[in-house]
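The values are calculated or read from the model by the stated rules, or taken from the named source; none is laboratory data. Please read all numbers here as calculations on a predicted model, not as lab measurements. Note that we place each Cβ from the backbone using ideal geometry, even for glycine, and neighbour counts take in every protein chain shown.
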Amino acid sequence: MAIEGPLRELGLHDVFQLLDLSRKTGTLRVTSELRDDEGVVHFNNGRVLHASIRSSPSSLEAILLAAGKITAADLAAARERTGADASGSAIADALVEAGAIAQRELERQLRQRLENVVFELTSWREGFFSFEERPVGELPSDMRTKVSIESLLMEGARRIDEWSRIAGKVPSLAVVPVLAPVAPNHETGLDLLPHEWEMLTMIDGERDLRAIAAALGRSEFEVAKIAYGLVSTGVVALETPRRQTVAATAVMESSSEGLARARDAYAAGDFATALAGARAVTTSAGTDARLLAARALVRLERHADAVDELRRAVHADPLTPRVHLDLGFAALRIGDFETARTSWEHFLRLAGVGADATRVRSALDTLDRMTQLSEAHAGGG
């Protein structure tokens, strides 16, 4: 049985959890017209075997080379031993047998590749997903890993936390990196890592971080971390794009009008119309539309749906404080105190001052007291 639908109605985070709970075996395809891209994830009994994105072809050999785990000479020797038509798995075995890389490090690199692809896919805001059940024998045989969905989603949560840390210097992937002006007393030599030099070669004053990630075949998360390091050391500065295409401007104007109508409906107390209007422009209006949809769901007393909507917003836009703030209060309404606490802690990392921050600190103190009372009651019982 096929499971399919648009991402604006069911985010990939929810799709992954569904496939995990139902222990599905088969192939998930995710397509995005906006990105002109496609991702493929293979599952076996609810665990992820392999994941790839078309725009970021990443053979195991290329990943090991880029990470500096093997040399070109190591790879050439392995290919000579295995033959020109050998699979990536056979080449990897040859590298391990020759002592070029340890088996544990190979497994770590494979897992990291899975995590990078899954994290990037779950950040897609628009597109279409389709899952087709297939017997294990029909899945590609050259697969060496099997990772639980729960651990992948936990890693995704950790990366959201890391995004919170770098948000002050890298506000979004739409910024354009440029070489920073050199101060008169600045040292002439640069002590950079290979991947940092690689990124410097891509800086032309036109490409944003997302375009650089695509050109390098690296994940957007990796490129954002590299940019953070270069900005922190004063090598690179980040600029807001100077212009937008006419088509993009038209889409923004159209979505703004749709979002304005949805806000008017919300203000008038027509929450069902506000919800429908916000969801209609979610793809183009992004976070603002999701926040409005979630608030409408709360007014309609569909609190669990509001939490789901805000979870998708967090995965699509982990750097906006308001998303974490609203998710915390929505989770509180359904008794999910752990999500409330985590969301508020993310909010405080991103926006630690102001009236909302004061209110959140008060809410966290109340949660702590409730937890202590509960533990004291359990201990006395």
(message) Looking only at the range 349-362, count every residue that is of a type in the set (Gly, Ala, Ser), crowded, with 16+ Cβ neighbours inside 10 Å and assigned to a helix (DSSP H, G or I) and tell me the total.
(response) 1
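Tell me, please, whether a residue that is hydroxyl-bearing (Ser, Thr, Tyr) and in a helix (DSSP H, G or I) can be found in the range 45-59. Full working, then the answer.
Going through the range 45-59, the residues hydroxyl-bearing (Ser, Thr, Tyr) turn out to be 52, 55-56, 58-59.
When the remaining residues are screened for being in a helix (DSSP H, G or I), the result is none.
Checking the range 45-59: not a single residue is hydroxyl-bearing (Ser, Thr, Tyr) and in a helix (DSSP H, G or I).
From the list ALA289, ALA294, which one is at pLDDT 90 or above, crowded, with 17+ Cβ neighbours inside 10 Å and either part of a helix (DSSP H, G or I) or of a type in the set (A, V, I, L, M) (or both)? Give the derivation first.
On the way: ALA289 fails: at pLDDT 90 or above.
None of the other options fit; the residue is ALA294.
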(message) Restricting to the range 146-169, count the residues that are without any contact (Cβ under 8 Å) to a residue 12 or more places away in the chain and not in a loop (DSSP other than H, G, I, E, B).
(response) 3
(request) Taking only the range 16-43 into account, find how many residues are under 13 Å from PHE131 (Cβ atoms) and either aromatic (Phe, Trp, Tyr) or part of a strand (DSSP E or B) (or both). (result) 12
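Within the range 41-80, can you find the residues that are among the charged types (D, E, K, R) and closer than 17 Å to SER219 by Cα?
The first filter runs over the range 41-80 and keeps only residues among the charged types (D, E, K, R), leaving 47, 54, 61, 69, 74, 79-80.
Residues satisfying the conditions are ARG54, GLU61.
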(request) Mind listing whichever residues of the range 20-35 are in contact (Cβ under 8 Å) with a residue 24 or more places away in the chain, of a type in the set (Lys, Arg) and in contact with a strand residue (DSSP E or B) (Cβ under 9 Å, 6 or more places away or on another chain)? (result) LYS24, ARG29
(request) Kindly check whether there is at least one residue in the range 115-137 that is in a helix (DSSP H, G or I), surrounded by fewer than 19 Cβ atoms within 10 Å (Cβ to Cβ) and either hydroxyl-bearing (Ser, Thr, Tyr) or free of Cβ contacts under 8 Å to residues at least 12 places away in the same chain (or both). (result) yes
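Here are some residues: ALA84, ALA62, ALA100. Which one is assigned to a helix (DSSP H, G or I), among the aliphatic types (A, V, I, L, M) and either within 30 Å of PHE128 (Cβ to Cβ) or not assigned by TED's automatic domain parsing to the domain that holds ALA313 (or both)? Show your work before the answer.
Values: ALA84 fails: assigned to a helix (DSSP H, G or I); ALA100 fails: assigned to a helix (DSSP H, G or I).
Being assigned to a helix (DSSP H, G or I), among the aliphatic types (A, V, I, L, M) and either within 30 Å of PHE128 (Cβ to Cβ) or not assigned by TED's automatic domain parsing to the domain that holds ALA313 (or both) holds for just one of ALA84, ALA62, ALA100, which is ALA62.
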(message) I'm trying to understand the selection: among the residues of the range 323-358, which are more than 19 Å from ILE166 (Cβ to Cβ), of a type in the set (Ser, Thr, Tyr) and in contact with a helix residue (DSSP H, G or I) (Cβ under 9 Å, 6 or more places away or on another chain)?
(response) THR339
(request) Name the single residue, out of those in the range 35-62 being modelled with pLDDT of 90 or more and closer than 19 Å to ARG210 by Cβ, that is nearest to the chain's Cα centre (by Cα). (result) GLY39
